[in-house]
Amino acid sequence: MHRAISLLTLASLAGAASAQNVTVTVENMLDTGNFSFTPVWMAMHNGGFDSYNGGELASLFPGLEELAEGGDTGPISTAFTNSPAGIAGGVQTTLVELNGAPVFGPGESNSVSFDVGDATVNRYFSYASMIVPSNDLFVANGNPTRFEVFDAGGNYNGPVEILILGNQVKDAGTEVNDAFGGAAFSANGGDSVDENVVIRSFFGDPDDQAYLDSFIGTDTVDGGTITGSFGPDDVVARITVTPAPASLAMLSLGGLCLTRRRR
């Protein structure tokens, strides 16, 4: 009887050892008056969810067009749930900045802590967000296994720090880039024009910097004014993924717990 209880206890401890908690912090690293980004979708998974591939149409990746054109993370969240990664028990959430508008303005940050489930399975981190104001610029990791937070044994692989540079911003190719043509989160107005070309790296076109600069002096829908733009070598955002004590795990699958914010 005592031996059976001991084995049960050991089994429980082994299961607990594979469960890990992480804290993810998202920061906008740009100067005041520069661009923002929308609430950040993020997930821990088994490597089975591909958010996009450069050189292919955004329409091939469910949820990407809605995120890149309007910052809507609902469709990509649904796509993740129905993907092999989601079916295998992957966890996800969307993190917002709570200081006024939900977008991450220059200098703003926030953190979330959650239980990733089995860290020997949900080893990889993915993220996606829209750059605003813009027509269809976004940031995401196209390689689903690029950021291995835990190794095959469930051990933390840190430090995990993701610096997102301007030259890592992507153009979804779904709308023509025009600061006065229906750009999301801009007060400039106008009607967007469908483009339907493949996803590409921003700053790969000579007119890309001029497109960003054309927003300078214009207002955003939350009452701000764009007074500067970023270049290909500027750090736009930083994401860090660190271990969190089990007592801080307040997020279940699909839930959200906001734990810290900074201005």
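When the residues of the range 170-199 are narrowed to those that are part of a loop (DSSP other than H, G, I, E, B) and in contact with a Lys or Arg (Cβ under 7 Å, 6 or more places away or on another chain), which ends up surrounded by the fewest Cβ atoms within 10 Å (Cβ to Cβ)? So that I can check it myself, show each step before the final result.
The initial filter retains those residues of the range 170-199 that are part of a loop (DSSP other than H, G, I, E, B), namely 172-174, 176-183, 185, 187-193, 195-199.
From the residues that got through so far, the ones that are in contact with a Lys or Arg (Cβ under 7 Å, 6 or more places away or on another chain) too are 173, 199.
Values: Gly173: 21, Ile199: 24.
Step by step, filter the range 170-199, then rank; the result is Gly173.
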Check the range 140-157 and report whether any residue there is of a type outside the set (Gly, Ala, Ser), part of a strand (DSSP E or B) and within 15 Å of the chain's Cα centre (by Cα).
no
Restricting attention to the range 52-75, which residues are under 11 Å from Thr38 (Cα atoms) and in a loop (DSSP other than H, G, I, E, B)?
Gly71, Asp72, Thr73
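Return the residues of the range 125-139 that are part of a loop (DSSP other than H, G, I, E, B) and of a type in the set (Val, Ile, Thr); say none if nothing qualifies. Before the answer, list the steps.
Taking the range 125-139 as the starting set, the residues that turn out to be part of a loop (DSSP other than H, G, I, E, B) are 133, 135-136.
Across the range 125-139, there are no qualifying residues.
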Looking at (1) buried (at least 20 other Cβ atoms within 10 Å of the Cβ); (2) at pLDDT below 95; (3) of a type in the set (Lys, Arg), which one does Arg261 not meet, given that it meets all the others?
(1)
Per-region count, the range 114-141, residues over 15 Å from Trp41 (Cβ atoms) and in contact with a strand residue (DSSP E or B) (Cβ under 8 Å, 6 or more places away or on another chain):
13
Between a first residue in the range 76-98 that is free of Cβ contacts under 8 Å to residues at least 40 places away in the same chain and farther than 26 Å from Met29 by Cα and a second residue that is among the aliphatic types (A, V, I, L, M) and crowded, with 20+ Cβ neighbours inside 10 Å, which pairs have beta carbons less than 6 Å apart while being 6 or more apart in sequence or on different chains?
Phe80/Ala43
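The values are calculated or read from the model by the stated rules, or taken from the named source; none is laboratory data. It should be emphasised that the depicted structure is a prediction, and the values quoted were computed from it without experimental measurement. Note: ideal-geometry Cβ built from the backbone for every residue, glycine included; neighbour counts use all protein chains shown.
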